[in-house]
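Asks: I am attaching a structure below and will ask some questions about it afterwards.
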Amino acid sequence: MAKKITYNKIDENLYEIPEDFEKGMNVPARFYASRNTLGIITNDNSLNQLINVAKLPGIIKYALAMPDIHQGYGFPIGGVAAFDYDGGLISPGGVGYDINCGVRLLKSNLQKEEVQNHIKDLTSMIYYSCPTGTGKGACVNVSEKELRKILQNGAGWAVKNNYGDSRDLDYIEDNGQLTADDSYVSKRAIERGKYQVGSLGSGNHFLEIGYVESIYNRKLAQIYGVRENDVVVQIHCGSRGFGHQVCTDYLKKLSSYINKNNINLPDRQLVYASIHSEEGKGYFNAMNAAANYAFNNRQVLTHYVRRSFEKSLKVLKKPVHLDLIYDITHNIAKIESHTINGKKKKLIVHRKGATRAFGPNHEAIPDKYKNSGQPILVPGSMGTYSYLLAGTEKAMQDTFGSSCHGAGRTMSRTQARKSFGANKLILQLSKKDIHLQAKSKKGVSEEAPGAYKNVNDVVNILNSSGLVEKVARLRPMAVIKG
DNA sequence: ATGTAC
């Protein structure tokens with residue numbers, strides 16, 4: 001029986017497991033929770049995983065967990081961990097299998113009332129032009145040569161090949177391109193990647209048409225360009241089989257590195273390497289290549305969503321366009337500079353099921369949003385609300401400029417399948433005027449809102465902690481799932 | 001998350 005985890009209350013919604021709680025911890029472990037979510041969080045293995053992360057060498061300040069934390073591979077999902085760049089620790093478990101899983105938000109020039117009567121046709125048009133589900137299926141099949149260009153150029157590949165506008169790139173985290181040497185990618189990953197360029201995938205990935213239901217902050221909403229009743233689209237997907245293969249490949253390579261260097265790990269799933277070693281450099285480059293694959297994936301899907309809107313809504317007899325508000329990543333490790341004890345320090349920040357949430361005036365934020373902080377997109381569970389938030393200076397100080405990525409599971413996929421029937425869920429959504437088009441019933445059951453925390457709670461925890469500013473809330477009209 | 005088992 002594992003020993004009971006004890007923690008101190010630091011602030012209204014912030015708890016800390018002290019450094020002396022368990023031998024080997026280098027820093028305390030901190031997690032954001034409310035009275036409501038505390039019981040859920042302590043119910044799985046995620047806090048033990050967070051304690052193990054706190055034992056890794058070179059970790060800075062604390063191992064952090066956002067309010068959507070749940071158990072993952074090695075590191076908890078909803079976790080943030082920053083490591084000293086000189087020590088150079090990088091770990092695939094701190095990123096996850098779905099490298100650069102992320103979400104983008106598009107805003108149309110249409111109002112809810114204009115789209116409502118055509119929602120089923122529109123959804124169907126998108127569903128048949130954007131492949132969903134596991135396995136092969138792509139908007140565009142590419143040769144190895146073209147795939148390698150995607151791995152190097154990210155979303156820039158899509159724009160260059162007429163899947164989007166060059167302005168789109170300004171509104172993607174890191175402009176949709178990270179530096180990557182694709183020679184570190186395995187042949188097998190390349191093979192899997194060729195047939196999934198422009199595909200949604202399955203699991204919690206989705207494509208959603210919705211509208212701006214309420215505005216919390218008029219000034220910020222104006223800067224981001226959203227008003228009540230505006231029709232919006234969210235695309236949530238990642239690097240598909242390509243990223244999965246990269247993770248698999250490097251877990252194996254880094255496991256050999258751990259053995260070769262006689263490193264003791266708190267958990268075998270926490271394999272890592274120094275980014276300055278050949279193995280670590282390899283993972284970093286392959287991970288960035290997968291991130292580029294995902295950025296490009298979301299960009300190609302955007303193109304087909306735009307074409308579907310134009311075709312399906314011809315009846316409106318007006319030009320229809322969708323502008324990208326922002327595209328944000330959920331699963332990645334990045335080299336960033338942060339102020340630690342008054343001094344600028346180069347860090348490797350792992351965000352797994354967590355997003356970047358930079359505050360106002362950060363150099364990485366597009367000019368248009370400079371004064372408002374970075375847009376943060378928090379999709380809720382299927383058929384519930386999603387949020388548009390803004391990063392704050394407090395997030396820079398307390399969480400290395402990070403926020404949560406969603407509602408966060410409370411139930412395993414298996415448990416959810418046993419607990420919720422797909423037909424009943426579809427009916428429940430339809431009663432709320434939400435149209436669902438899904439490839440598999442299994443997927444629908446696994447994604448039942450009852451298997452997730454309440455996204456309103458999660459967002460309010462971060463808001464009351466000062467880490468995010470609430471800008472707007474989105475309500476779904478139609479959801480496409482794998 | 002994932003050719004849900006190399």
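Just so it is clear, none of the values below were taken in a lab; they were calculated from the coordinates. For clarity, every value in this text was computed on a predicted model and none was experimentally measured. In this analysis, Cβ positions are derived from the backbone assuming ideal geometry, glycine residues included, and neighbour counts consider all displayed protein chains.
Asks: Which residue, of A:239, A:274, is hydroxyl-bearing (Ser, Thr, Tyr) and either surrounded by fewer than 17 Cβ atoms within 10 Å (Cβ to Cβ) or within 16 Å of DNA strand B (Cβ to nearest atom) (or both)? If you could, list the steps in order and put the result at the bottom.
Replies: Working: A:274 fails: either surrounded by fewer than 17 Cβ atoms within 10 Å (Cβ to Cβ) or within 16 Å of DNA strand B (Cβ to nearest atom) (or both).
When all the criteria are applied, what remains is A:239.
Asks: Quick one: in region A:116-166, which of the residues that are charged (D, E, K, R) and in a loop (DSSP other than H, G, I, E, B) is surrounded by the fewest Cβ atoms within 10 Å (Cβ to Cβ)?
Replies: Restricting attention to region A:116-166, the residues satisfying the condition of being charged (D, E, K, R) are A:120-121, A:136, A:144-146, A:148-149, A:160, A:165.
Within this subset, residues satisfying the condition of being in a loop (DSSP other than H, G, I, E, B) are A:136, A:165.
Working: A:136: 14, A:165: 16.
Checking each candidate, the answer is A:136.
Asks: Please go through region A:171-188 and give me each residue that is in a helix (DSSP H, G or I) and more than 9 Å from DNA strand B (Cβ to nearest atom), ordered by number.
Replies: If we filter region A:171-188 for residues that are in a helix (DSSP H, G or I), which is where we start, we get A:173-176, A:182-184, A:187-188.
Of everything in region A:171-188, those that are in a helix (DSSP H, G or I) and more than 9 Å from DNA strand B (Cβ to nearest atom) turn out to be A:173, A:174, A:175, A:176, A:182, A:183, A:184, A:187.
Asks: Something else now. Determine if region A:220-228 includes at least one residue that is more than 13 Å from DNA strand B (Cβ to nearest atom), in a loop (DSSP other than H, G, I, E, B), surrounded by fewer than 19 Cβ atoms within 10 Å (Cβ to Cβ) and free of Cβ contacts under 8 Å to residues at least 24 places away in the same chain. Full working, then the answer.
Replies: If we filter region A:220-228 for residues that are more than 13 Å from DNA strand B (Cβ to nearest atom), which is where we start, we get A:220-228.
From what's left, in a loop (DSSP other than H, G, I, E, B): A:225-228.
Pick out the ones that are also surrounded by fewer than 19 Cβ atoms within 10 Å (Cβ to Cβ) and you get A:225, A:227-228.
The next check asks that each one be free of Cβ contacts under 8 Å to residues at least 24 places away in the same chain; those that pass are A:227-228.
Within region A:220-228 (the criterion being more than 13 Å from DNA strand B (Cβ to nearest atom), in a loop (DSSP other than H, G, I, E, B), surrounded by fewer than 19 Cβ atoms within 10 Å (Cβ to Cβ) and free of Cβ contacts under 8 Å to residues at least 24 places away in the same chain), the answer is yes, since at least one residue qualifies.
Asks: Considering only residues of region A:242-259 that are within 8 Å of DNA strand B (Cβ to nearest atom) and under 30 Å from residue A:106 (Cβ atoms), which is surrounded by the most Cβ atoms within 10 Å (Cβ to Cβ)?
Replies: Filtering region A:242-259 down to residues within 8 Å of DNA strand B (Cβ to nearest atom) leaves A:243-245, A:247-248.
Then keep just the ones that are under 30 Å from residue A:106 (Cβ atoms); that gives A:243-245, A:247.
Working: A:243: 29, A:244: 19, A:245: 24, A:247: 25.
Ranking the qualifying residues of region A:242-259, first place goes to A:243.
Asks: Filter region A:402-452 for residues that are away from DNA strand B (no atom under 11 Å from the Cβ) and within 21 Å of residue A:330 (Cα to Cα) and give the result.
Replies: A:402, A:403, A:404, A:407, A:410, A:411, A:448, A:449
Asks: Related question: Check residue A:400 against each of (1) part of a strand (DSSP E or B); (2) on the phi > 0 side of the Ramachandran plot and name the one condition it does not meet.
Replies: (1)
Asks: Now for a separate question. For residue A:381, indicate whether it is crowded, with 20+ Cβ neighbours inside 10 Å, of a type outside the set (A, V, I, L, M, F, W, C), within 17 Å of the chain's Cα centre (by Cα) and not in a loop (DSSP other than H, G, I, E, B).
Replies: No, not satisfied.
Asks: Related question: What number of residues in region A:194-207 are more than 10 Å from DNA strand B (Cβ to nearest atom), over 30 Å from residue A:449 (Cβ atoms) and not β-branched (Val, Ile, Thr)?
Replies: Going residue by residue through region A:194-207, those that are more than 10 Å from DNA strand B (Cβ to nearest atom) are A:194, A:197-198, A:207.
Next cut, over 30 Å from residue A:449 (Cβ atoms) only: A:194, A:197.
Imposing the further condition that a residue be not β-branched (Val, Ile, Thr) reduces the set to A:194.
Counting residues in region A:194-207 that are more than 10 Å from DNA strand B (Cβ to nearest atom), over 30 Å from residue A:449 (Cβ atoms) and not β-branched (Val, Ile, Thr) gives 1.
Asks: Might you let me know whether region A:63-78 holds any residue that is among the small types (Gly, Ala, Ser), within 16 Å of DNA strand B (Cβ to nearest atom), more than 15 Å from residue A:271 (Cα to Cα) and in contact with a helix residue (DSSP H, G or I) (Cβ under 9 Å, 6 or more places away or on another chain)? Steps first, answer last, please.
Replies: Of all residues in region A:63-78, those among the small types (Gly, Ala, Ser) come to A:63, A:65, A:72, A:74, A:78.
When the remaining residues are screened for being within 16 Å of DNA strand B (Cβ to nearest atom), the result is A:72, A:74, A:78.
From what is left, the residues that are more than 15 Å from residue A:271 (Cα to Cα) are A:78.
Narrowing the set further to residues that are in contact with a helix residue (DSSP H, G or I) (Cβ under 9 Å, 6 or more places away or on another chain) leaves A:78.
Looking for residues that are among the small types (Gly, Ala, Ser), within 16 Å of DNA strand B (Cβ to nearest atom), more than 15 Å from residue A:271 (Cα to Cα) and in contact with a helix residue (DSSP H, G or I) (Cβ under 9 Å, 6 or more places away or on another chain), one finds at least one in region A:63-78, hence yes.
Asks: Could you list, in sequence order, the residues of region A:277-287 that are surrounded by 18 or more Cβ atoms within 10 Å (Cβ to Cβ) and in contact (Cβ under 8 Å) with a residue 60 or more places away in the chain? Even if it seems obvious, please write down each step before you answer.
Replies: At the first step, the residues of region A:277-287 found to be surrounded by 18 or more Cβ atoms within 10 Å (Cβ to Cβ) are A:279-280, A:282-287.
Across region A:277-287, the qualifying residues are A:280, A:282, A:283, A:284, A:285, A:286, A:287.
Asks: For region A:170-191, what are the residues that are buried (at least 18 other Cβ atoms within 10 Å of the Cβ) and out of contact with any strand residue (DSSP E or B) (no Cβ under 9 Å at 6 or more places or on another chain)? Can you show your working first?
Replies: Applying the first criterion (buried (at least 18 other Cβ atoms within 10 Å of the Cβ)) to region A:170-191 yields A:171-174, A:176-178, A:180, A:182, A:184-185, A:189.
A:177, A:180, A:182, A:184, A:185, A:189 - these are the residues of region A:170-191 that are buried (at least 18 other Cβ atoms within 10 Å of the Cβ) and out of contact with any strand residue (DSSP E or B) (no Cβ under 9 Å at 6 or more places or on another chain).
Asks: Right, next: Hey, any hits in region A:289-305 for a residue that's over 20 Å from residue A:149 (Cα atoms) and over 19 Å from the mean Cα position of the chain (by Cα)?
Replies: Just the residues of region A:289-305 that are over 20 Å from residue A:149 (Cα atoms), to begin with: A:304-305.
Narrowing further to those that are over 19 Å from the mean Cα position of the chain (by Cα): A:304-305.
Checked against the condition, which is being over 20 Å from residue A:149 (Cα atoms) and over 19 Å from the mean Cα position of the chain (by Cα), region A:289-305 yields at least one hit.
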